[in-house]
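Notes to accompany the following structure.
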Amino acid sequence: MPYVVPAGDAVAIELKGVYAAPPGDIVALALADPAPPIPAPVRYTGSAAALRWGQAPARARGLRLVNAAAPRRARAVCATWSEAPAACVCRRLPWAVVPAVRHAAGAAWGRAGRLPSPPLALPWSVIPTRQAAMGAAWALPPALSVGAGLPWRTPPRGAAAAGLPWGMPPRQGQAVVVPWLAAPVKTRYWDLPWRYAQPVRWVVHGPGVVPPEEPPAWAYRPPAGDAVAINFACPAVEFPGDAVPVPIGRAACPLAWPRQRTYVVINTAGVVRLPERTAIAVSGISISSSVEDPVWRFSLQLADPSQMSLLVPGADGPREIEIAVNGYVWTAIVDTPDRQRQFNSSRVSVSGRSRTGLLDAPYAPARGKLQAADRLAQQLADEEVDLTGFSVDWGILSWLVPGGTWSYDAQTPLGAVREIAAAAGAIVLSHPWDLVLRVRPRYPVSPWEWAGAAPDAYIPADVVVSDSLRTSSRPLYNYVLVSGKQQGVSDPVIRTGSAGDVREQQVVDALITQHDVARERGRNVLGGRGVVHSVSARMPLFAAAETDKPGLVQPLALVEFVEGGAWRGLAVSCAIDVSVDSTTGLLTVYQTVELERHISDED
């Protein structure tokens, strides 16, 4: 029957009965199959249509909708939430497009019945999609191969001969079921400080294993055939008379020493201000010396920045300090401290040099001099430090310098002593703690004579923590001409046993006034020839009381380095580094020695 539009476009809706809210404010609506797409709008016609008021048949599918407020329309009906009297109210609804439906639907104005529960219950989560051939526990399982199958819970007993529970239990000899999930891999780290670790105990697990036997104590074993090998690597020692002592025990020659398995070093360090000996807290100390520098150099890191005021120079000059490391002592003057500060951090470093630095700029003024009378070279050096409190330890030959030969302009006392020493090929070094300048030859023993000389120190390779090597090369000079200036001598110096055909540049010095000084200057000049290996060895600084260990190796010491075979080199620099660990408070002291090994003159 065609739809007939009511008069005035008004649709009469009759509301009756008492409305009761459903449980949980949920209204169950029975829906049919999905509605077809909305057709094109229906044009206005004069026909009318009516819907029969009644209950629509139930459908197979249901939808649960939460009872909520309906959106506002152009015209609304106001009704009290209670039982309304039956009335016939007419409302006008605007003409609009009505979606097409297949069947008429109707719902009684009343409480909807509860729908039956679905036949399938789901747990409180969404089950992730799995392959049909696999099953896994309710968790993220480990990656498995495609052909693997897992039961829903505990896997069947395996054929393993032993099982480990969750942890690290002792070994068992019976079959144990391993629970599902692999035990996490545990890694144990041992943090052992250098040379302070305790020996790790050797433990063998399992029955039937015999622990290793301890090696027997050392005892003398006669050699094969009762033949005793005698090592003549050490130089022979002459004894007075016919009495030759035979030492029984540790050999006097370091080359025959047994190799130690461990070396124990007990480090000590301290800094005080002189003369009242006020303690200065430091977190690091650096000390260095070389053949190129006449003074010891120092650097301190203050642990307490407030102590910087104790080291600031006063009206009477720079402050003096004393540094003691493992029984060795240095005295020094403090230059102007340096300070670096930032938020929540303050760092104060102090640098200085040995007290012989008072003889040089900026503490000693430069001056000029002309020596009119004859003097020995040693006398000229003593005059430079006269009335200063310092002395000169003259360790080279002394020669006559005629009057009028020695003169200089704008020289400090330390600079003048270095110039006098350089005429004989010597250098100036400072005493570590005394007010003494040491004058020594650059090569106390010529490199080609080191094999027959007695070394000043021995360094076994076992005590070396690290080393490095660099190589330099010069022509193998065997001739140099040494001459004076206005007066003096001019002598060619030739290496003994050579042809004198490879000539070094001529040396000219005003203080070359005698043949002895000319020969000594030439010998030191030719000492720096050929291929030279500079070996830098870092090792602990053994205490001064341990005379059987390599202690402080100062510049110009002839050192024998023992590693398999032994070789000799001249110490040209040394550096001591002291540091304190901020966490553990562990004090470490290392010494770095640079040795000059002359490869060309070893044979």
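The values are calculated or read from the model by the stated rules, or taken from the named source; none is laboratory data. Because the structure is a prediction, the values reported are computed rather than measured. Methodologically, a virtual Cβ is constructed for each residue, glycine included, from the backbone with ideal geometry; neighbour enumeration extends over all protein chains shown. Please note that ligands, DNA and RNA were not included when accessible areas were found on the heavy atoms of the full protein model with its side chains. Shrake-Rupley method; radii C 1.70, N 1.55, O 1.52, S 1.80 Å.
Summary of computed values
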| quantity | calculated |
| --- | --- |
| Chain lengthening between D462 and Y220 when straightened (0.36 nm per residue, less Cα-Cα) | 84.7 nm |
| Rg followed by Dmax, in Å, when the stretch 520-603 is reduced to its Cα trace | 16.0, 55 |
| Taking the stretch 454-501 and dividing mean pair separation by its residue count, relative contact order in percent (alpha carbons under 8 Å, at least six apart) | 28 |
| Extension gain from A21 to A315, taking 0.36 nm per residue of separation minus the Cα-Cα distance | 95.7 nm |
| Gain in span if fully extended, A227 to V329, counting 0.36 nm per residue against the direct Cα distance | 31.9 nm |
| DSSP-defined beta bridges in the stretch 363-473 - what % are antiparallel, rounded to 5 | 70 |
| Rel. contact order, % - alpha carbon contacts under 8 angstrom, at least six apart, the stretch 353-420 | 49 |
| Accessible surface, the stretch 517-603, averaged per residue in Å² (probe 1.4 Å) | 35 |
| R503-S351 FRET efficiency (beta carbon distance; Förster radius 51 Å; 0.05 resolution) | 0.75 |
| Whole-number percent relative contact order across the stretch 326-448, with pairs defined as alpha carbons under 8 Å at least 6 apart | 27 |
| For the stretch 332-488: rounded, prolate or oblate by the Cα gyration tensor [a/c cutoff 1.5] | oblate |
| Cleavage-rule hits (chymotrypsin sites (Phe, Trp or Tyr not before Pro)) in the stretch 297-334: DSSP loop, at most 11 neighbouring Cβ within 10 angstrom | none |
